[in-house]
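Quick note: the coordinates plus some simple rules give every number you see, no bench work behind them. Because the structure is a prediction, the values reported are computed rather than measured. When we count neighbours, we look across all protein chains shown, and the Cβ atoms used for this are built from the backbone with ideal geometry, even at glycine.
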Amino acid sequence: MVSTENFPSIQLSTGGAIPLLAYGLGTANFKSGSTDVDKSIIADTKTAILAGFTHLDGAENYGNEEELGIAIKESGVLRSKLFVTTKVYRSISSPKTALAVSLKKLDIEYVDLYLIHAPFWDEQEKGISIEKAWQEMEELHGKGLAKAIGVSNFGISEFERIAKIAKIQPAINQIEYNAYLQSPELMEYHHRHGIATAAYGPLIPITKGTPGPLDTIIEELAKKYSKTPTQILLRWAIETGVVAITTSSKEWRMKEALGVGEFKLDESDVEDIRKAGSKKHMRIFWTKNYRD
Ligand SMILES: NC(=O)C1=CN([C@@H]2O[C@H](COP(=O)(O)OP(=O)(O)OC[C@H]3O[C@@H](n4cnc5c(N)ncnc54)[C@H](O)[C@@H]3O)[C@@H](O)[C@H]2O)C=CC1
Ligand SMILES: O=CCc1c[nH]c2ccccc12
C-alpha cells in the first residue's frame, strides 16, 4: 500500500494540516437522484483509502456522503488518520443544519474541512448571503465540528465581501486549477492573504485539453522522470503549492496518482509546464457562472 499518511501536507490557517493529494467523490462517483446506498461508491472509496488516500473530498451536492461514511468505517483506518472534507451548497441558508445532516450521513463527529461549495446563487431571491453563511461556518469552527473552514469557487470580489464581516478568514479556496487554468491574479490574492488552494480538475489538460500546447512537454517529462502524464500533472499542481484532488474508480489509477509522492519535478520543469500551459485557457466546470 502506498500510504499518503506521510504525504506532504500544508498547514491551514484555521487549523489542521491538509494532505496535498485527495480522492474526490464529486465526479466519477457523483450520485444524482437515487437515495439508495450505492455499493460501488462504497467499494471504490474503500479501495482508495486502502490504497493510501487519507484525504477524501465530499460534498452535500454529491449525494454520496452516506457511502463515504460507510467506506471510512469499513476501511478500518482510524478517523484521526483521515482528512475528511465536505461542502454545503443547496442548504446554504443554514450551514449549521446542513453540517448536522452531513455528519449524520458521514457517521463522524467532525469534518476536517467544511467548505461553502460555491457563491453562485440568486442571493436576494433566496434571502441568503455568503456573509450570513460564513458567520455560521465560523460558529461551526468554534464548536469544533469543522476543524477548518473554507470556500470553493470564490473569486476576489467574494473574498472582499467576507473580509468585511469575518472573524476568521477562509483557510482555503477549492477551485478548478491546472496548467490551462492558472488564475494568476486569484492565486496571488490567495498567497497575499494566507489562503491555501485546492485544485479540482488537475488532469483536464490530458483528459479534456488535447491536442494542446502541453502535449509535447508532458510526454517528454514523463519519459525524463519515468512517470506517467497523470503523475506529471498531479505533481506539477503539488509543486505549485496546491492540493491536488483527483479520482478514479480504477485501483491502478488510484495507485498511479498516489505515486506522485515518490518524486519531485525540477523547478525548471515546473516553470516550463507553467509557460506552455499559459498558451491555452480552458474552464470545464461552473462555466455558466464564470466570465472568463
Ligand atoms: N468544488 C467544486 O466545484 C468541484 C470539485 N470537484 C472535486 O474534484 C474531484 C476531482 O475532479 P476531476 O475533474 O474528476 O479530477 P481530475 O482532473 O483528476 O480527473 C480525474 C479523471 O481523470 C481520469 N484520468 C486519470 N488519468 C487519465 C489519463 N491519463 N487519461 C485519461 N483519463 C485519465 C480518471 O480516471 C478520472 O476519471 C471531484 O471528484 C470532486 O471531488 C470537481 C469539480 C468541481
Ligand atoms: O463539486 C462539483 C462537482 C461537479 C460535477 N459536475 C459539475 C458540473 C458543474 C459544476 C460542478 C460539478
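Quick notes
- DSSP-defined beta bridges in the range 117-250 - what % are antiparallel, rounded to 5: 10 percent
- Cut-off under 5 Å, modelled amide H: who pairs with ILE172 long-range: VAL151, ALA196
- Most fluctuating residue given options LEU56, LEU78, LEU258, as computed from a GNM of the chain linking Cα atoms under 10 Å: LEU78
- Overall, the range 9-289 carries a charge dipole of about 140 debye about its Cα centre when +1 sits on the Cβ of Lys and Arg and -1 on the Cβ of Asp and Glu, all other atoms neutral.
- For the chain, built as a Gaussian network whose Cα springs stay under 10 Å, the top-fluctuating residue of ALA237, ALA179, ALA276: ALA276
- Of the residues HIS141, HIS117, HIS191, the one that moves most in a GNM of the chain with alpha-carbon contacts below 10 Å is HIS191.
- The range 159-292: relative contact order as a whole-number percent, Cα under 8 Å and 6+ apart: 29 percent
- If both residues of a DSSP beta bridge must be in the chain, then about 15% of such bridges are antiparallel.
- Per-residue Karplus couplings for the range 15-22, computed as 6.51 cos²θ - 1.76 cosθ + 1.60 with θ equal to phi - 60°, are listed in order as x, x, 10, 9, x, 7, 10, 10 Hz, Gly and Pro entered as x.
- Over all other residues within a Cβ to Cβ distance under 10 Å of LYS250, the charged ones net out to -1, with Lys and Arg as +1 and Asp and Glu as -1.
- Shown here is the pair-distance distribution of the range 142-292: with all Cα-Cα distances grouped in 10 Å bins from zero up to the longest one, the shares run 10, 38, 33, 15, 3, 0 percent.
- Amide hydrogen neighbours beyond the local backbone of LEU21, cut-off 5 Å, H modeled: ALA244
- Which listed pairs, of LYS31/LYS280; LYS143/LYS164; LYS46/LYS255; LYS132/LYS167, have C-alpha distances above 24 Å, in listed order: LYS31/LYS280
- Sorted from greatest to least, the principal axis extents spanned by the alpha carbons of the chain come out as 51, 42, 34 Å.
- Rounded to the nearest 20, the Cβ-based charge dipole of the range 188-261 about its Cα centre (Lys and Arg +1, Asp and Glu -1) stands at 160 debye.
- Over the range 58-148, relative contact order from alpha-carbon pairs under 8 Å, at least 6 apart, %: 31 percent
- Cα centroid separation, the range 67-108 to the range 214-292: 28 Å.
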